[in-house]
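Peer 1: Take this structure first; my questions come after.
Laboratory data are not the source of any read-out in this text; all were calculated from the coordinates shown. No experiment lies behind these values; they were computed from the predicted model shown. Every residue, glycine among them, receives a Cβ derived from its backbone with ideal geometry; neighbour counts consider all protein chains shown.
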Amino acid sequence: MNSKEITTQISEAADSLNLKKWDYGASFSNDYSVQVDKGEAKQLKASQKQILTIRVWNKSNLVGITTTSDISQSGIKKALNQANIASDFGNKNERTEFSPLAKDPIEVKDSKKRNPVGIKKLLTLLREAEVKLLESHESIKSVPYNGLSESFYERVYANSNGAFRSYSKSQAALYLYARAEEKNKKPRSSGSVKLGYGVDDIDIESCIKDASNKTISHLNYSSIKTDKYLICFSPESFLTIINAFSSMFNARSILDGVSLSNKNSIGEKLSTEALNIYDDGLHEKNISSSPFDGEGTPTKRLCLINKGRLENFIHSESTARIFKTIPTGHAGLGSKVSVSPDWIVVEKSGETSDLKTSLDHSIFEGEFVYIEELNAIHAGVRASQGSFSLPFDGWLYKNGKKISVESATVAGDIKYLLKNIVNIESSQEVTTSGISPHIWVDELSITGDA
Amino acid sequence: MLSSQIKSNEIVFGSCNKDLLEEIIFYGIGLGADFVEIFIENTDNSSVLAEEDFITSVSPSFGRGAGIRIFKEKKDGFVSTNDLTKHGLMRSVTQAIEMLDIVVNKKREVFDGLNKYRDYSLHKKKWINEVPSIHEISEKLLASTKSLKKNNKIITRKGSYSRNLQEVIIASSDGTYVSDIRLHQTVGLNVIASDAQYRSSGSRRFGSSGMPNEFRLWDHEKAANDVFESSMNMLYADYVDAGQMPVVLANKFGGVIFHEACGHLLETTQIERGTTPFDNKLNEKIAHESVTAIDEGISEGSFGSLSVDDEGMEPEKSVLIKDGILKKFISDRAGELRTGHKRTGSGRRQNYSFAAASRMRNTYIAKGEHSKEDLINSISDGLYCKSMGGGSVGATGQFNFAVEEGYLIKNGKLTNPVKGATLIGEAKEVMPKISMCGNDLELAPGFCGSISGSVNVTVGQPHIKVDSITVGGR
């Protein structure tokens, strides 16, 4: 069944069940991936998936929902029935409605959808990449985690009010994670991930080079003294932190009491005036961009922090109604609708007078810790309390030398971190989760040796 | 052709699918596969969320799909699909064969039909009618969130319930033919407490497998008291000072340290990748002699228990470490093929869209002889980790765990609560430092995410003492 036929099927089945109001979201995907091990194919995967989520409104205007992978005629009817039953338990205190923007025009861009290259080409390319990475340095002994994949998917939203949206895309990903070993030293690992609209868009050579350079750069390591340090966050690690504490910008989290912000926080000063943060799902560099969210609301660029002050929250239909504003295109589709950011863009505002611009990671000669990548976010972040304690990969720069930090954590509080930003470098870098420059923060605790 | 009469052109749950499955497997073998495995599932899930004094979400879901795995020598091709028709399954086999670039030759593997049928689902078919209704679940969750409301410092109360019912059919070219029904129920309670600038949280999760009545028997008052007390104890806690120190890890979920720090490194997938320091250490001492560690899938009702694994093998009780000596690895079919370690009934996957991999089930450190007080009394300056949060292990064996509820130990006594602690180390270095094991082994349910998705597991241990570990803090 295609998406138009599904809409017709749902409409007819809903009529037969006397359900006048419904909406649905569906996704259809075909994915192909390969893994290799020392030149040999290890696992080759293909999957065909379809997921349908249907919401119905009963006579009391309470919402029920069901999700299924069975998109047959009988599956659709069963899903509507189950959603109808679930609607008896719908939330009376926070009623969900259709997004008022579900029929607004969406920004149509070239989806840059590519054709499949096929599993054999994936395998050939990954084999070659593994060989090149192994040959790049004598200490690199294996590439234990590797994969090359391509995905083709279509997403649909439609409702009984006549809204219908769909888009289809392709995406490819390459990851190479190398392991290096030297005599009498602990093994060290690092890697790189690259995304593209298709496999031919991925810069494989740069992925190999990044993975190799990163891994080799950690070969000379040392423990770090537990203390407070001047920190330089890489673009990737700063975006990791911002995403981990994105409940600060999230209206759903505020209503649920799990955010550090509250309804009246708009305008609150969180950081240096030099900091701007946007959520920009439609950014041209965002390969996973979606023109609409789970409720059919168009995706758009939204300023979250403007010159250090909280500017906007991200919303679903229901949170927007409660906050007396409009949905922002960040909703999922659920019984209780989730809200999440799309793609964070961090940049320097025009107000830079309080920045220490001499702090540039490529030339600064003083002592600082460079945090390349933060790990174990699920374990070390307490978003509702604002605290974090996270292992990281990085280097200590001292006396003009750089040495990899062995097994250490950085700990702190997100509000403290934002308030103690001492420099925002000028040059932004594109990562898989957004765009950011290097960010410098003073006086964060690092635990290494006692 | 093994069966001349194909009775159905689609997999039908509750019916005999033998002929169709045999035809598909024979088709794969005929095309040159060394081994063909078909995993088919039908799911019926439900989740309910209570927040404060209201039900805010009821989310049923159902679905079905198949995962087809073809082995040729040591490589494998895996295809998953929602199409359970004969045509769809045949197409998936063809796709897997093509991916592996298999060329038909005269020497074919022999397939003698699905002659080893085992039906583990017989007494389980009634479960779907025995699990609590949404109405029952809602009432009990609301009672539990009400029980969390013990003072005005509690600003957020949540109770969540999730039920997963999975019907599976597993058939493979070695004759394995298995049906099973799995039931998992889990319930979690969470609070956030706040007073002026102070904030704390508390959470507990409970879970069972194969016990439809278990949620009804769950003591929600006791659970709510536990969560409430934890949040109150931590509300005004200071941040812990970072450093190297001895720690006592509490029983139950304290076992996450072994799961993450050591258990993952004993999975054959880690040997395949060359990422475990314990490869080639069989029968060598890798831990303190006080440590005996077990992984099994047979404890009745435990969250990680199974009647049969996702490759059709009954789970065994595997003694991984005996008195500090490494005795066994956790292995699945691919692990046995690629590393030589015999399968242990540990081939597990989140659902049909993942190929099975060697995964832990109920994993715990066996009980020792000491009381909890013995352990604490032996420390003059250290940390007691009463409740652990999540953790992870890196590619070279380094691990970290968040301590959800911790107390300083001073001169053999528990003193002030402390927050913000993280335990950091490497398995190879920490295992020899587990010097004392208590006599109070208890298990706790959890979810483990890894190569084959998120699976239900149990972690566990008695109270244990680690002589020295890095504690991350402020």
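Peer 1: Note down the nm distance, to one decimal, between modelled labels 7 Å out along Cα→Cβ at B:VAL110 and at A:ASP360.
Peer 2: Roughly 7.5 nm, to one decimal.
Peer 1: Still on this structure, I have one more. Quick one: length gained pulling A:GLU97 to A:ASN115 fully straight, 0.36 nm per residue minus the C-alpha distance?
Peer 2: Numbers: separation 18, 0.36 × 18 = 6.48 nm, distance 3.77 nm.
Roughly 2.7 nm would be gained on extension.
Peer 1: Using only the Cα atoms, what convex hull volume per residue in Å³ does chain B have? Intermediate results must be reported in sequence, preceding the final value.
Peer 2: Numbers: hull volume 68.0 nm³, N = 474.
Convex hull volume per residue, Cα atoms: 143 Å³.
Peer 1: I've got another one for you. Rounded to the nearest 0.05, what FRET efficiency do A:ILE266 and B:ILE128 have when you use their Cβ-Cβ distance and R0 = 41 Å? Numbers along the way, then the final one.
Peer 2: Values: r = 48 Å, r/R0 = 1.18.
Step by step, r from the Cβ atoms, then E = 0.25.
Peer 1: Right, next: What's the angle, to the nearest 10 degrees (0 to 90), between helix B:134-148's Cα axis and the longest principal axis of chain B?
Peer 2: With rounding to tens, the tilt is 20 degrees.
Peer 1: Moving to a separate point now. Among rounded, prolate and oblate, which fits region A:198-335 when a ≥ b ≥ c are the square roots of the eigenvalues of its C-alpha gyration tensor, a/c under 1.5 means rounded, and a/b larger than b/c means prolate? Write out the running numbers ahead of the final one.
Peer 2: Values: a/c = 2.51, a/b = 1.43, b/c = 1.76.
Oblate.
Peer 1: Something else about it: Hey, could you grab the Kirkwood Rh for region B:378-417? Inverse mean 1/r over distinct alpha carbon pairs, Å, one decimal.
Peer 2: Over region B:378-417, the inverse of the mean reciprocal pair distance is 11.3 Å.
Peer 1: What does the charge add up to near B:GLU267, with Lys and Arg as +1, Asp and Glu as -1, over the other residues with Cβ less than 11 Å from its Cβ?
Peer 2: Details: positive: B:ARG273, B:ARG348, B:ARG359; negative: B:GLU272, B:ASP295, B:ASP332.
Residues close to B:GLU267 contribute a combined charge of 0.
Peer 1: While we're looking at this one, here's another question. Place a +1 charge on the Cβ of each Lys and Arg in the protein assembly as shown and a -1 charge on the Cβ of each Asp and Glu, then give the dipole magnitude about the Cα centre in debye, rounded to the nearest 20. Display every interim value, and only then the final one.
Peer 2: Details: 112 positive and 117 negative charges, 183 e Å.
I would put it at about 880 debye.
Peer 1: Which entries in the list A:LYS20/A:LYS59; A:LYS20/A:LYS49; A:LYS21/A:LYS336; B:LYS158/B:LYS222 go over 20 Å, if you measure between the two C-alpha atoms of each? All intermediate terms of the calculation are to be shown ahead of the outcome.
Peer 2: On the way: A:LYS20/A:LYS59 9 Å; A:LYS20/A:LYS49 29 Å; A:LYS21/A:LYS336 17 Å; B:LYS158/B:LYS222 15 Å.
Where the Cα-Cα span goes over 20 Å, the pairs concerned are A:LYS20/A:LYS49.
Peer 1: Continuing with the same structure: Measure nothing fancy, just the Cα-based angle from helix A:119-135's long axis to the longest principal axis of chain A, in degrees from 0 to 90, nearest 10.
Peer 2: Computed tilt is about 20 degrees.
Peer 1: Same structure, new question: Would you mind calculating the gained length between A:SER206 and A:LYS225 on full extension (0.36 nm times residue separation, minus the Cα-Cα distance), in nm to one decimal? It would help to have the intermediate numbers written out before the result.
Peer 2: Working: separation 19, 0.36 × 19 = 6.84 nm, distance 3.38 nm.
Full-extension gain reported as 3.5 nm.
Peer 1: Okay, next question. To the nearest Å, what is the center-to-center distance of region A:357-413 and region B:264-342, using C-alpha atoms only?
Peer 2: 35
Peer 1: Quick check for me: using +1 on Lys/Arg Cβ and -1 on Asp/Glu Cβ, what's the dipole size of chain A about its Cα centre, in debye to the nearest 20?
Peer 2: Working: 55 positive and 56 negative charges, 216 e Å.
In total the dipole reaches around 1040 debye.
Peer 1: Could you give P(r) for the protein assembly as shown, binned at 20 Å from zero, as whole percent values over all Cα-Cα pairs?
Peer 2: Going from the shortest bin to the longest, the percentages are 13, 46, 37, 4, 0.
Peer 1: What FRET efficiency comes out for B:ASN213 versus A:SER74 if R0 is 22 angstrom and r is the Cβ-Cβ distance? Round to the nearest 0.05.
Peer 2: Details: r = 31 Å, r/R0 = 1.41.
The computed FRET efficiency comes out at 0.10.
Peer 1: Still on this model: Assuming R0 = 45 Å, what is the FRET efficiency of B:LYS410 and A:GLU367, from their Cβ-Cβ distance, to the nearest 0.05?
Peer 2: Details: r = 34 Å, r/R0 = 0.76.
After rounding to 0.05, the efficiency reads 0.85.
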